[in-house]
Amino acid sequence: MVVAGGTGRTTAVRSGEPAFARLWQLLEPTHRGTERVPEEWAEGSFPRVRFTVVWGLSGVGGWPSTNRPPGGDVAVERQDQLVVAADGTPWVRSDPTPAVEDDDIRWHRAPRSVFERLDRTRLLGDGDGGSAADPDGPARGDVRWAVTAAALGLAAGAGGTLLIRRAAARREAGPPREEPRQVLIDLDE
């Protein structure tokens, strides 16, 4: 799951998709080493996080380790965050075991060419909320879609209500009115 740094919007990316392959190349989640970073970064004052990726493994769990059927759980394996230094170098800040509260945070440089390709696909989102191609930005486009969807939903709901009322108002609609709906049978006789 990818969480955008500025907006908090999430995108689910699955293995086998092109975006997943690009994220894998950029973040290198199998990377185990760490590189030296400036002291203020190590203390928590690093550049703005562009996005966070929570790597999960689905289809885990089940009997006998849990009280649920096999295959329905998701294990959080790793958390990676991408930051871009002042010189434009992309860095990956990794927590190899996010479920454990410890100070095992690792840093490594990401390939700049892969970062630039992924940034062009707009999976990462824009830092300023828009671009020259979309001057309104993603937020205004989302609002337009939401308003349109709400109007269509309201129209469909009103139309459905009218149709149901017309059907209920017909003479033969509803349960039989002259006979009982349930009959008790005495089995002892």
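The values are calculated or read from the model by the stated rules, or taken from the named source; none is laboratory data. Note that the structure is predicted; figures quoted are calculated from it, not measured. So basically every Cβ, Gly included, is an ideal-geometry build from the backbone, and we count neighbours across all protein chains shown. Surface accessibility is based on the protein's heavy atoms, side chains included, excluding ligands, DNA and RNA. Shrake-Rupley method; radii C 1.70, N 1.55, O 1.52, S 1.80 Å.
Residues Ser94, Ser58, Ser15: which one is more than 17 Å from the chain's Cα centre (by Cα) and among the polar types (S, T, N, Q)?
Details: Ser58 fails: more than 17 Å from the chain's Cα centre (by Cα); Ser15 fails: more than 17 Å from the chain's Cα centre (by Cα).
Answer to the selection: Ser94.
For Ala167, are the conditions met, namely being out of contact with any Cys (no Cβ under 7 Å at 6 or more places or on another chain), at pLDDT 80 or above, open to solvent by less than 100 Å² (accessible area, probe 1.4 Å) and assigned to a helix (DSSP H, G or I)? Before you say what the answer is, go through the steps one by one.
Numbers: out of contact with any Cys (no Cβ under 7 Å at 6 or more places or on another chain): yes; at pLDDT 80 or above: no; open to solvent by less than 100 Å² (accessible area, probe 1.4 Å): yes; assigned to a helix (DSSP H, G or I): yes.
In short, no.
Please go through the stretch 12-26 and give me each residue that is part of a loop (DSSP other than H, G, I, E, B) and open to solvent by 40 Å² or more (accessible area, probe 1.4 Å), ordered by number. Break it down into steps so the answer makes sense when it comes.
Step one: filter the stretch 12-26 for residues part of a loop (DSSP other than H, G, I, E, B), giving 12-17.
Across the stretch 12-26, the qualifying residues are Ala12, Arg14, Ser15, Gly16, Glu17.
With respect to the numbered conditions (1) at pLDDT below 85; (2) open to solvent by 50 Å² or more (accessible area, probe 1.4 Å); (3) of a type in the set (Ser, Thr, Tyr); (4) in a loop (DSSP other than H, G, I, E, B), which one is the sole condition not fulfilled by Thr66?
Condition not satisfied by Thr66: (2).
In the list Asp87, Asp104, Asp119, which residue meets the criterion of being modelled with pLDDT of 80 or more, more than 18 Å from Thr30 (Cα to Cα) and acidic (Asp, Glu)?
Details: Asp104 fails: more than 18 Å from Thr30 (Cα to Cα); Asp119 fails: modelled with pLDDT of 80 or more.
On inspection, the qualifying residue turns out to be Asp87.
Which of (1) at pLDDT 85 or above; (2) more than 17 Å from Trp24 (Cα to Cα) is the odd one out, the single condition Asp73 does not satisfy?
(1)
Does Pro29 satisfy the condition of being in a loop (DSSP other than H, G, I, E, B), of a type outside the set (A, V, I, L, M) and closer than 25 Å to Leu118 by Cα?
Details: in a loop (DSSP other than H, G, I, E, B): yes; of a type outside the set (A, V, I, L, M): yes; closer than 25 Å to Leu118 by Cα: yes.
Here the answer is yes, as Pro29 does meet what is asked.
Could you count how many residues in the stretch 78-97 are surrounded by fewer than 16 Cβ atoms within 10 Å (Cβ to Cβ) and in contact (Cβ under 8 Å) with a residue 24 or more places away in the chain? Give the derivation first.
The initial filter retains those residues of the stretch 78-97 that are surrounded by fewer than 16 Cβ atoms within 10 Å (Cβ to Cβ), namely 85-89, 97.
Those left that are additionally in contact (Cβ under 8 Å) with a residue 24 or more places away in the chain: 85-86, 88.
Counting residues in the stretch 78-97 that are surrounded by fewer than 16 Cβ atoms within 10 Å (Cβ to Cβ) and in contact (Cβ under 8 Å) with a residue 24 or more places away in the chain gives 3.
Among the candidates Ala42, Ala4, single out the residue that is modelled with pLDDT under 90, aliphatic (A, V, I, L, M), over 19 Å from the mean Cα position of the chain (by Cα) and more than 14 Å from Arg78 (Cβ to Cβ). Show your work before the answer.
Values: Ala4 fails: over 19 Å from the mean Cα position of the chain (by Cα).
When all the criteria are applied, what remains is Ala42.
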